[in-house]
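First up is the structure itself, then whatever we jot down about it.
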Amino acid sequence: MSLQPQPAYVIPDETRRIARAVFPKGALCLRLVEALGQLYLDEQFAALFPTRGQPAASPARLALVLVLQYVEGLSDRQAADAVRGRIDWKYALGLELTDPGFDHTVLSEFRARLVSKDADRLLLDTLLARLRQLGLIKQRGKQHTDSTYVLAAITYEQLKRIAIGN
């Protein structure tokens, strides 16, 4: 798989219109995109892919799928089904309503690529940087333990607050 980076994606007009009609009071995915914007860019993941070969799925979108998967506690198969069939996920990922999604194995392959290239913290670090930039969390002192799980749980709570508008 090779990476052919795409520019930041825009939510298609039809996806935006239908999502707003279906979720007039909003939904987690809609609020996250409205509050945080596009979290990840394909260029962030360039070092994980060769320059030649069959084009890979957008790593920026796959990264967001992994975050949404974690937030909702879904398996890879359930997350892939959500990409394929849920309007709110298509909105968050900037996909056309007719986009067929991808096979669930793409998620485990992407996770393996992140781990094998020592880029496994890229998702969390990018999310934390964006939350700091928006003033939703504050920079703390140096941490002396591996607190990835704790940070992920705190980030999850922040995402829930964004989603309910607090």
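The values are calculated or read from the model by the stated rules, or taken from the named source; none is laboratory data. Since we're looking at a predicted model, the values are computed, not measured. Methodologically, a virtual Cβ is constructed for each residue, glycine included, from the backbone with ideal geometry; neighbour enumeration extends over all protein chains shown.
Would you mind finding the one in E14, E34 that is more than 17 Å from the chain's Cα centre (by Cα) and acidic (D, E)? It would help to see each step written out before you state the result.
Details: E34 fails: more than 17 Å from the chain's Cα centre (by Cα).
The unique qualifying residue is E14.
Kindly establish whether A19 is in contact (Cβ under 8 Å) with a residue 60 or more places away in the chain, surrounded by 19 or more Cβ atoms within 10 Å (Cβ to Cβ) and not in a loop (DSSP other than H, G, I, E, B). Can you show your working first?
On the way: in contact (Cβ under 8 Å) with a residue 60 or more places away in the chain: yes; surrounded by 19 or more Cβ atoms within 10 Å (Cβ to Cβ): yes; not in a loop (DSSP other than H, G, I, E, B): yes.
The answer is yes for A19.
Could you list, in sequence order, the residues of the range 77-106 that are crowded, with 20+ Cβ neighbours inside 10 Å and touching a His at 6+ places or on another chain (Cβ under 9 Å)?
Of everything in the range 77-106, those that are crowded, with 20+ Cβ neighbours inside 10 Å and touching a His at 6+ places or on another chain (Cβ under 9 Å) turn out to be A79, A80.
Take S116 and decide whether it is touching a Pro at 6+ places or on another chain (Cβ under 9 Å) and either farther than 24 Å from E34 by Cβ or of a type outside the set (A, V, I, L, M, F, W, C) (or both). Before you say what the answer is, go through the steps one by one.
On the way: touching a Pro at 6+ places or on another chain (Cβ under 9 Å): no; either farther than 24 Å from E34 by Cβ or of a type outside the set (A, V, I, L, M, F, W, C) (or both): yes.
Here the answer is no, as S116 does not meet what is asked.
List the helices (runs of 4 or more DSSP H) that sit entirely inside the range 42-115 and contain at least 2 residues that are under 21 Å from A8 (Cα atoms) and touching a residue at least 60 places away in the same chain (Cβ under 8 Å).
Values: elements: 59-72, 76-85, 87-93.
Hits in the range 42-115: 59-72, 87-93.
Give just the number: which of (1) over 19 Å from Q6 (Cα atoms); (2) crowded, with 16+ Cβ neighbours inside 10 Å; (3) modelled with pLDDT under 90 does L68 not satisfy?
Only one criterion is unmet by L68, namely (3).
Kindly establish whether R84 is among the basic types (K, R), more than 14 Å from the chain's Cα centre (by Cα), within 24 Å of P7 (Cα to Cα) and modelled with pLDDT of 90 or more.
On the way: among the basic types (K, R): yes; more than 14 Å from the chain's Cα centre (by Cα): yes; within 24 Å of P7 (Cα to Cα): yes; modelled with pLDDT of 90 or more: yes.
Yes: the conditions hold for R84.
Just to verify a result, which residue in the range 118-149, among those that are modelled with pLDDT under 85 and charged (D, E, K, R), is surrounded by the most Cβ atoms within 10 Å (Cβ to Cβ)?
D120
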